[in-house]
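So that we are looking at the same thing, I have put the structure below in structure tokens.
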Amino acid sequence: MISVMPAKAPLLYPNQRKILEALGQRLREARLRRRFSVSLVAQRADLSRPTLNKIEQGDASVTMGSYLRVLSVLGLDQDLAALAADDVVGRRLQDAELATPRRAPKAT
């Protein structure tokens, strides 16, 4: 079973923590709606049960790849593909033809 996790969780702002916790809750609800046990999803995602529990709690120390494996087991991996697909701000900047520096200005 492959489950590599960072030494410690990255520091998140409170609103970022809430977003991650909400994602974990939605993944748990999706698992329950499919009537999948924790053991089944963990096995299919090649994760340990404690790692899956951390994912369902929205733990930031779990790798993005582990979240993706759970999404895939639940048939929701295409939802991740839709994230940031429409870069509204970037498109507006592009449409306005604003000059964007290629690198930071030199310090004097």
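The values are calculated or read from the model by the stated rules, or taken from the named source; none is laboratory data. Please read all numbers here as calculations on a predicted model, not as lab measurements. Cβ placement follows ideal geometry from the backbone for every residue including glycine, while neighbour counts extend to all protein chains displayed. To get the accessible areas, we keep the full protein, side chains included, count just its heavy atoms, and leave off ligands, DNA and RNA. Shrake-Rupley method; radii C 1.70, N 1.55, O 1.52, S 1.80 Å.
Okay, residues lined up against (1) of a type in the set (K, R); (2) out of contact with any Leu (no Cβ under 9 Å at 6 or more places or on another chain); (3) surrounded by 11 or more Cβ atoms within 10 Å (Cβ to Cβ):
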position	(1), (2), (3)
E56	no, no, yes
Q78	no, no, no
D86	no, yes, no
K106	yes, yes, no
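Check region 85-94 and report whether any residue there is touching a helix residue (DSSP H, G or I) at 6+ places or on another chain (Cβ under 7 Å) and of a type outside the set (G, A, S).
No, there is no match, as no residue in region 85-94 is touching a helix residue (DSSP H, G or I) at 6+ places or on another chain (Cβ under 7 Å) and of a type outside the set (G, A, S).
Check region 33-46 and report whether any residue there is within 18 Å of K8 (Cα to Cα), over 15 Å from the mean Cα position of the chain (by Cα) and either open to solvent by 70 Å² or more (accessible area, probe 1.4 Å) or of a type in the set (G, A, S) (or both).
No, region 33-46 contains no residue that is within 18 Å of K8 (Cα to Cα), over 15 Å from the mean Cα position of the chain (by Cα) and either open to solvent by 70 Å² or more (accessible area, probe 1.4 Å) or of a type in the set (G, A, S) (or both).
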